[in-house]
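Below is one structure; the comments refer to it alone.
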Amino acid sequence: MRAELDPGSVVQPQMDLLVLKSDSLMFSGDDYMVKNELANWELYVQGSPEVIGAKIGLLSKDLYRNQENIFAEKLLELVPSKRKQKRIMSFLNWYTRKLDDYIPKEYLKEIYALSKFLDTTYNYLGSPYQRTLWMHGAHDIGHVLQDLAMVGCSSFAFWGENTQDGNLLIGRNLDFYMNDDFAKQKILYFVKPLSGHPYMSVSWPGMMGVLSGMNREGLTITLNAGKSSIPWSAKTPISIVAREVLQYAANIEEALRILEKKKVFVSETLMIGSAQDKKAILVEITPRKIDVVNSVDNRLLSTNHFQGKLLGNDKRNTKHIARSHSMYRFQKLQMLLDTTRDLTPEKAISIMRNKDGHQGEKLGLGNEKSLNHLLAHHGVVFQPEDRLVYVSSAPGQMGAYKAYDLKAVFDRTWQAGAERSVDSLLIPADTFIGTREYFNFKSFQRLTQYYLEKIYRNDILVVDSQLQEYIDLNPDLWLGYYIVAQIYYLQGDYPKAEQYFRSAACKVLPTAQVKIDIQKHLKKVSKRWKKTQ
């Protein structure tokens with residue numbers, strides 16, 4: 001059914017002027033955005049769809065434009081040619097030609113009002129409205145076109161005898177990473193729409209969809225990407241589906257009624273927790289099927305594969321389990337939770353920060369097989385029955401967690417600039433971020449990007465000692481050896497290339513595809529080496 005929005009019919013609402021009180025506080029009427037002491041932005045907005053979109057745009061304009069720059073720079077990095085960029089945009093135009101048919105009209109109004117705050121820098125890629133629509137479907141589109149699991153999320157829900165107070169507790173990591181600048185721009189949205197339930201969510205500037213969130217009724221939703229088939233055209237972005245559930249469902253039954261009507265174009269597992277039902281479920285949804293997974297022991301775990309009867313034995317899913325790191329993370333999560341009694345937010349966060357492999361297996365920092373591969377956009381813990389949410393600060397899920405009581409946030413009169421967190425519930429940052437090991441990892445990350453750019457341009461001239469120093473920054477991770485092997489290969493030093501490819505192969509590899517890739521490189525090295533003898 002077509003949403004039938006004529007963008008020209010959306011009247012930009014009259015609003016109070018933007019007032020800047022400081023670099024970290026701005027407000028427009030009763031709505032405002034404030035940067036807290038942990039460097040997370042908190043945005044409080046209420047009203048009609050047009051007002052919500054326009055106020056989000058007005059208050060976060062600079063952050064939103066910078067967010068588009070980050071997306072665009074990623075495109076430029078992958079596709080430097082403007083001609084090719086236009087071809088990609090032409091294809092996207094065709095592929096997303098029906099996108100707004102599947103998005104509720106009220107959200108299209110919100111997106112259009114928001115889009116008015118983009119500038120003209122990237123108009124050659126599409127109108128501000130088109131670009132804003134694409135940004136809301138970026139995860140889905142990338143997932144479909146390149147079969148990318150751009151998120152390797154892990155989540156869990158415990159209740160009853162498994163938690164300290166018997167109440168429902170949900171923890172999740174959103175492992176979505178573009179670069180450090182992207183990860184720094186985190187916004188906590190507190191939204192009071194005219195219709196439906198007030199809600200909070202955690203994502204990035206310019207995002208009115210939901211990735212992790214809870215509403216005033218104590219209903220929560222989080223997303224874990226699954227293995228997708230490739231549909232012929234874009235349908236409803238999964239973050240928009242999650243937003244509708246959060247805004248209009250108070251319990252699991254109401255959430256399922258909404259989801260059963262939705263047409264999506266990626267496969268996803270939605271973990272839905274409910275204060276009213278005092279439990280959580282998993283909803284496994286694909287472009288063609290939907291299944292519900294219930295718990296038998298008052299707990300649920302989810303990574304990036306399906307578990308239910310309908311989709312668990314699907315060929316695409318079983319192949320994904322065999323080739324990806326999803327099952328490894330699932331089993332690690334299971335091990336940690338099996339040995340954890342009386343779960344609390346503090347214990348949940350400790351599990352979410354875990355970097356270790358199975359039975360002491362050394363993964364190396366940043367390995368995708370770890371629950372915490374140090375690239376998370378955010379970590380969040382929900383206590384739905386108490387209406388409490390704990391949100392991490394940078395870096396990833398390792399910074400301190402602030403707690404918010406949604407009863408206090410939404411039931412009291414809003415005062416611009418008021419502090420709304422519960423200071424007594426602050427959970428401290430992980431001490432690991434102050435260690436030499438973490439400092440070395442950040443250096444390793446920067447050098448990895450530097451060497452990858454050099455390899456891409458075939459502009460490599462590096463001495464042995466520099467390469468060894470690079471590997472020594474993160475000696476247990478396969479990636480350093482792999483990159484050094486590529487450098488030696490490009491320099492024509494095939495014996496050393498083979499040596500380092502073999503060293504990479506001996507490390508814990510994140511996926512079957514990486515193993516296949518290393519084997520292919522070893523064959524190429526062997527052929528080149530023979531030709532030189």
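Loop-resident trypsin sites (Lys or Arg not before Pro) (DSSP state other than H, G, I, E or B) in segment 385-449 with no more than 13 further Cβ atoms inside 10 Å of their Cβ: Arg412.
Taking a quarter of the surface of the Cα convex hull of segment 190-251 gives a mean projected area of 5.1 nm².
The listed residues Leu336, Leu426, once ranked by accessible area (1.4 Å probe) with the largest placed first, stand as Leu426, Leu336. Within segment 203-288, the GluC sites (Glu not before Pro) that combine a DSSP coil assignment with at most 13 other C-beta atoms in a 10 angstrom radius are Glu260.
Quick check on segment 239-306: take the gyration tensor over C-alpha atoms, sort the square-rooted eigenvalues as a ≥ b ≥ c, and tell me if it's rounded (a/c under 1.5), prolate or oblate. It comes out oblate by the Cα gyration axes.
With Rh defined as the Kirkwood radius, the inverse of the mean 1/r over Cα pairs, the Rg/Rh of the chain is 0.97. A 1.4 Å probe, protein heavy atoms only, puts the accessible area of Lys86 near 110 Å². Put one equal scatterer on each alpha carbon of segment 335-449, apply the Debye formula with no solvent term, and list log10 I(q)/I(0) at q = 0.13, 0.21, 0.22, 0.23 1/Å to two decimals. Listed by q, the Debye log ratios stand at -0.61, -1.20, -1.27, -1.34. Calculation over all alpha carbon pairs of segment 399-533 in 10 angstrom steps from 0 returns a P(r) of 11, 29, 22, 12, 12, 10, 4, 1 percent. Take every Cα pair under 8 Å whose residues are at least 6 apart in sequence, average their separation, divide by the length of the chain, and the relative contact order is 13 percent.
Label-to-label distance for Lys527 and Ala39 is 4.7 nm, based on points extended 7 Å past Cα in the beta-carbon direction.
Note on segment 173-319: semi-axes of the ellipsoid equivalent to its C-alpha gyration tensor, largest first and rounded to whole Å, are 23, 20, 15. Per residue, the chain exposes 43 Å² of solvent-accessible protein surface, assessed with a 1.4 angstrom probe and all protein chains in place. How much of the accessible area of segment 377-533, probe 1.4 Å, is carbon plus sulfur, in whole percent? Answer for segment 377-533: carbon and sulfur cover 51 percent of the accessible area.
The values are calculated or read from the model by the stated rules, or taken from the named source; none is laboratory data. Here the structure is a predicted model, which is why all the values come from computation and not from measurement. Every residue, glycine as well, gets a Cβ built from its backbone with ideal geometry; the counts of neighbours run over all protein chains shown. For the accessible areas, the whole protein counts, side chains as well, though only heavy atoms, and no ligand, DNA or RNA atoms are used. Shrake-Rupley method; radii C 1.70, N 1.55, O 1.52, S 1.80 Å.
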